[in-house]
Amino acid sequence: MSDQRIFTRYRASEIRTDLQNIDIKKLKSSATKRKNALKKIIANISLGNYGEMLELLPEILSFWQIEDDFEVKRICHEYARSLGSIKPKITDDILPFVLQDLKSRNEHLQIMALRTLVFIPSASFTNEAFKFIISMVNRRNASEELTKTALFALIQLDDLNHNKVTDLFNIIHDTIQQRSDNPSIQVAALHTLYAIHEKHTDMKPLQITVESCFDLVERLSELNEWDKGLLLEALTTAVVPQTHADSYDLIDIVLPQLQHVNTFVVLNTFKFVIYLLNYVDSVSENIVKRLSNSIIALLNKAPELQFLVLRNVILLLLSREKPLLDLDVSYFFVEFNDPIYIKDTKLECLYLLANQDTLSQILEELEQYATDIDIQMSRKAIRAIGNLAVKLDENAATDCFNLLLHLLEFGVDYVVQEIISVFRNILRKYPDKFRSSIREIVKYTDAVQEPESKNAMIWIVTQYADFLPDYITVFEKLNSSFMEDPLEVQFSILNSSIKLFMKFPTPETKQLSGDVLRTCVDMVNNPDLRARALMYQRLIQLANSQYGPYAALDNSLHEIVDSNLPLIELNSKLDPLVLEELALNISSVTSVYLKPTSQIFRLNRTKFLPQSPVLLADKNKLTINDGPSFSRDRADSKAKSLPKRTPTMSDYDKPAEKVNQLRGKMKSSSSSPSKLVRKPSMLMKRLSMKRPF
Amino acid sequence: MKTRHLKLFNSYVPYQSENPRNLVTNKVISIMASAVYFCDSKGYPLLARRYRDDIPISAIEKFPTLLSDLEEETNLVPPCLSYNGMQYLFIQHNDVYLVAIANSMSANAAQIFAFLYKLVDVLGNYLKTVEEESIRDNFVIIYELLDETMDYGIPQITETKMLKQYITQKSFKLVKAAKKKRNAARPPEALTNSVSWRSADIKYKKNEAFLDIIESINMLMTQKGQILRSEIIGEVKVKSRLSGMPDLKLGINDKGIFSKHMDDDSLNNEGASVASSTTDKKKNNIELEDLKFHQCVRLSKFETEKIITFIPPDGDFELMNYRLSTSIKPLIWCDMNIQVHSQSRIEIHCRAKAQIKKKSTATNVQIIIPVPEDADTPEFKYSHGSIKYVPEKNVIIWKIRSFPGGKEYSMSAQMQLPSIGNIEEHKAKRPVQIKFQIPYFTTSGIQVKYLKINEPKLQYKSYPWVRYITQSGDDYTIRLT
């Protein structure tokens, strides 16, 4: 019984005959046929065949009335939703049927009807939806599913009538605070508020009290995975810890969620913990380890999730001077089978993780990638090596430089292009260090083709002409295809020829610069280039007239043509405010682009850390304890505060026979940090001793 | 002095339309996915479910162009695209794309990706394979599932077992549906229980639980035998066929789990020195990093007592997974020696060694050796197994059905290279890949000590079963230099 034929375009009349056929006899085959006909309608709507399907409205309505089969109802609602938002005309006809379903005793049908009401943007539908939600809230005995649907519906209704929704805020707040309620409903209510606050930049950010926050997180274990994630997401910035103990307790409660299998939960837990760490002054090494390990574990997920995690790792590495995470570089080594976007991002992580200790390891890897078959990858690896040379200290630069020289020997075309480009940057940073290798580099003059590398080569030749007795020949070579070169190369040739002339005012350089100037003025079509050449020409004429031919040129001319270049620096650091916002957006799309939402869309709300007496002004002041010292201090406060806040343990979470024993043990276990995470090296010793392979 | 900034290498800049007037300025920003689409391999939509009315209907029409544009420009297509303020997040499965569109950057990407994967998982249980054809054939059921699993862009129930109770695959058989009509329409009781992943009225004649412990080894080695990276990824899979609401307790010889009991011991006889207990008792216990549990495991209980307790969902599920990053010795090691005499021939010598216990045997060993694309006329010499040249993939595959521990096998191959051709063409650095399975063995040494099954009401007899297997992961490779 394939639906294949269903998925083709039909005319309204064809389906109509299908539908009418079966009213005569009530055989089961005809019932199937009728249902197939209905399915054809939906398929055609999916295909965009709206006009034809609109004609079938009377048939749909007749079925809606008589049929109480659930699937048919579903199709009717689907029809109403799809066409209702496109053709508002028909909505009035549909409304009574939807309302009839809303009154049904069948909860599932009610949910469906409510969703249809909300989906169709017509005033009469919206009003009915509000009416229903208000009456339902007042009854307070509706089922979980229905209540949740109603709460989520408010997010949608808010687009249509914001004021009416704000009137309901008090009731929603009450829902969050009612402990007796199903926690899933509490979360739905919280999420609704959160989502509405996020939508309106003119509203203050959502805030809930520390007490209700504790109430909620203590019921984490009763929630399903998606609700857990929603809760943790909404709590970030919504709850403001007032004391260090608040933050520590919250961290303790949510930390186990890092072991959840669902990445959504893990990343949101992660975000929440990172957020809370702004409200403490020290953190135990144990927590850092747990955070780091959970990140590493996420790298085994599906590529898309891995990608997201890696992007967030970059963010976290950038966000503090001393990274909060302790990650081993080997996890970021590129695998042969990784998709390209993962390779790319791993490369970026490696770059950020590099320091004196890890450099040799990373360079070895990068060398591998640089000779990779994938051209993009190879280029990026070379770029990374060059950037590392600029980023790290002089010794590191030497290592990088030597590696690049070694790679240059392969002589593969695109490798050479890329290496020459990055050499320029290294030479800018260390102008005097690598003079001895200039000759080696200049050998590749013939190989440079791409504008960037050609520009780089021209710059290198000009800058280090002192060390090149044959600089004129080399420069002539670069100049040979002037008319075919792209504009940026032409500019750089023009500028460099003048520079050479000023450095060595000999007849050869005069000839050279004169040729270039003439070509620019006489032959080139681009007005900017011509203007620049004319400017140089006049400057030189001016200088010549004042001081005689080839004499020392005017200082100001020097400054214009060949002034000292500014230092170069890699802009790996972002603005602290931006970083703060990004850290609150862990796991969102923003974190992929590493751009603050407010920069891209004005309309988005900027997240910021709410004020609190314990807000840590400077992130980098957060100290990492190497022992479990603070967790012992906390054990006392926790022992005092926790039982008070958890008067009832949920039965499911702690089977009855265990609860009493538990009380005694809890202290001892929470005072010693989790023993799960230990050094793999220790384990290895044991493993290898006990189990020789 | 002003400092100039260098661009970090190609970071992902949102792909924006050039003309700012094109930007759809939505007055409403939502933080969840607004729609989910199933698209074919080119990116054209097959099915759509719009959860919110805040993105233009035409938004998805841009998706195929975005894909092909990016593929043309760079060969780099990240799983998030941004266009006109719309965020396209997608995953690929077989020949379909699952695309979620959100209209704001603050949309939670982790949630969306996790949901899309869950959706594929759920659909896999309904349709066997999730591909273009099966999606077209079963669109009604997919619509139903999309309705149930997500509400206004917020994920809802995603447990297949729960969904199957009221979305049945045979729903198009009207007779059956009509009979069940009243039951089917009501959401099952279990939805409102605190145990959302199991319904109460499950019955089996014979109560059994099967545990599979599967360890995958990922290793990256150099030709010289240097180990660049190694890790063990473990999974504990459970197939539960148990009646009622059983409460299970799993004991594993993990130190993290067992040290708790040891603490108890040392508390009992307070004089006992900690040192002796650590040396004597902990020897047999291994230690797992990064445990991840299925949602049924009581995490808080695990946190405080280090005991894994859970009420399992019915049927197959993954109870937990873990990761150990330790430098282990390669289980199957190959000494590779490849000599390329350019323009004439390539010689490959390979000596494989099973560095596992004498008692164990590796099965289905495959050593996949890359050869140049233009090589031909292979000649092989080998002691064991079989060798095949697969020209489509440009590899030689050496298969050894069973490879006992401690044994050493070798092979040599020679292939001709064309006499003309580009000399010193840039070679693809493909690694040698090794695949294997070692039954009844776990590399980490993890062992199940007990699995207690307790159903408070029914008190039936139950049978737990355990199997162990170690296998190569996706990346068990030797890099060639």
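The values are calculated or read from the model by the stated rules, or taken from the named source; none is laboratory data. Bear in mind the structure is a predicted one, so any value in this text is a computation, not a measurement. A quick note on method: Cβ atoms are made from the backbone with ideal geometry, for glycine too, and the neighbour counts reach across all protein chains shown.
Taking residue A:288, is it closer than 28 Å to residue A:577 by Cβ, surrounded by fewer than 22 Cβ atoms within 10 Å (Cβ to Cβ) and aliphatic (A, V, I, L, M)?
Judged against the criteria, residue A:288 is a match.
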Query - Residues within region A:58-76 that are away from every other protein chain (no Cβ under 11 Å) and under 17 Å from residue A:95 (Cβ atoms), tallied - result: 8
Report task. Enumerate the pairs (first residue in region A:436-452 and over 18 Å from residue A:493 (Cα atoms); second residue anywhere and at pLDDT 85 or above and outside any helix (DSSP H, G or I)) with beta-carbon separation below 7 Å, excluding pairs fewer than 6 apart on the same chain, so at least 6 apart or on different chains. Result -> A:438/A:464
Requested in this report: Check whether at least one residue in region A:236-244 is over 16 Å from residue A:588 (Cα atoms) and either within 11 Å of chain B (Cβ to nearest Cβ) or among the polar types (S, T, N, Q) (or both), and report yes or no.
Outcome: yes
Query raised in the report: For region A:365-385, does any single residue satisfy the condition of being more than 11 Å from chain B (Cβ to nearest Cβ), over 27 Å from the mean Cα position of the chain (by Cα) and either part of a loop (DSSP other than H, G, I, E, B) or crowded, with 23+ Cβ neighbours inside 10 Å (or both)?
Result: no
**Report entry** Positions within region B:192-225 being within 14 Å of chain A (Cβ to nearest Cβ) and modelled with pLDDT of 85 or more, in sequence order
**Finding:** B:214, B:215, B:216, B:217, B:218, B:219, B:220, B:221, B:222, B:223, B:224
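Table: residues versus (1) free of Cβ contacts under 8 Å to residues at least 40 places away in the same chain; (2) touching a Pro at 6+ places or on another chain (Cβ under 6 Å); (3) of a type in the set (Lys, Arg).
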{"position": "B:37", "(1), (2), (3)": "no, yes, no"}
{"position": "B:56", "(1), (2), (3)": "yes, no, no"}
{"position": "B:72", "(1), (2), (3)": "yes, no, no"}
{"position": "B:97", "(1), (2), (3)": "no, no, no"}
Report summary line: Filtering region B:319-338 down to residues that are of a type in the set (D, E, K, R), in a strand (DSSP E or B) and either more than 18 Å from residue A:263 (Cβ to Cβ) or more than 7 Å from every other protein chain (Cβ to nearest Cβ) (or both) yields B:335
Query raised in the report: Does residue A:347 meet the test of being in a helix (DSSP H, G or I) and either within 16 Å of the chain's Cα centre (by Cα) or without any contact (Cβ under 8 Å) to a residue 24 or more places away in the chain (or both)?
Result: no
**Report entry** Of all residues in region A:116-152 being at pLDDT below 80 and polar (S, T, N, Q), the one that is surrounded by the fewest Cβ atoms within 10 Å (Cβ to Cβ)
**Finding:** A:141
Query raised in the report: For region A:335-351, what are the residues that are surrounded by 20 or more Cβ atoms within 10 Å (Cβ to Cβ) and either basic (Lys, Arg) or closer than 15 Å to residue A:300 by Cβ (or both)?
Result: A:342, A:343, A:346
**Report entry** Output for region B:387-416, where each listed residue is over 29 Å from the mean Cα position of the chain (by Cα), surrounded by 15 or more Cβ atoms within 10 Å (Cβ to Cβ) and not in a strand (DSSP E or B)
**Finding:** B:407
Query - Residue check for residue A:55: among the acidic types (Asp, Glu) and facing another protein chain (nearest Cβ under 8 Å) - result: no
Query raised in the report: Does region A:159-173 contain at least one residue that is acidic (Asp, Glu) and within 14 Å of chain B (Cβ to nearest Cβ)?
Result: yes
Report summary line: Okay, helices (runs of 4 or more DSSP H) sitting entirely in region B:234-317 with 2 or more residues that are out of contact with any Ser or Thr (no Cβ under 6 Å at 6 or more places or on another chain), at the interface with chain A (Cβ under 8 Å from one of its Cβ atoms) and modelled with pLDDT of 55 or more, I get B:299-305
Requested in this report: Evaluate the following for residue A:195: is it surrounded by 24 or more Cβ atoms within 10 Å (Cβ to Cβ), in a helix (DSSP H, G or I) and in contact with a Phe, Trp or Tyr (Cβ under 7 Å, 6 or more places away or on another chain)?
Outcome: no
Report summary line: Selection over region A:297-312 where residues are in contact (Cβ under 8 Å) with a residue 24 or more places away in the chain and surrounded by fewer than 22 Cβ atoms within 10 Å (Cβ to Cβ) yields a count of 3
Requested in this report: With respect to residue A:188, determine if the residue is within 14 Å of chain B (Cβ to nearest Cβ), crowded, with 18+ Cβ neighbours inside 10 Å, within 31 Å of the chain's Cα centre (by Cα) and not β-branched (Val, Ile, Thr).
Outcome: yes
Requested in this report: Could you grab me the full set of residues in region A:324-345 that are closer than 22 Å to residue B:109 by Cβ and more than 12 Å from chain B (Cβ to nearest Cβ)?
Outcome: A:324, A:325
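Please find, within region A:168-200, the residue that is nearest to residue A:607 (Cα to Cα) out of those that are of a type in the set (Ser, Thr, Tyr) and in contact (Cβ under 8 Å) with a residue 40 or more places away in the chain.
Residue satisfying both the conditions and the ranking: A:194.
Looking only at region A:314-329, count every residue that is in contact with an Asp or Glu (Cβ under 9 Å, 6 or more places away or on another chain) and assigned to a helix (DSSP H, G or I) and tell me the total.
3
Residue by residue, here is whether (1) under 24 Å from residue B:115 (Cβ atoms); (2) aliphatic (A, V, I, L, M); (3) more than 18 Å from the chain's Cα centre (by Cα) holds:
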{"site": "A:258", "(1), (2), (3)": "yes, yes, yes"}
{"site": "A:266", "(1), (2), (3)": "yes, yes, no"}
{"site": "A:271", "(1), (2), (3)": "yes, no, no"}
{"site": "A:278", "(1), (2), (3)": "no, no, yes"}
{"site": "A:290", "(1), (2), (3)": "no, no, yes"}
Query raised in the report: Can you tell me which of A:301, A:289 is at the interface with chain B (Cβ under 9 Å from one of its Cβ atoms) and among the charged types (D, E, K, R)?
Result: A:301
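Which of the following residues is surrounded by fewer than 22 Cβ atoms within 10 Å (Cβ to Cβ) and acidic (Asp, Glu): A:55, A:78?
Of A:55, A:78, the one residue that is surrounded by fewer than 22 Cβ atoms within 10 Å (Cβ to Cβ) and acidic (Asp, Glu) is A:55.
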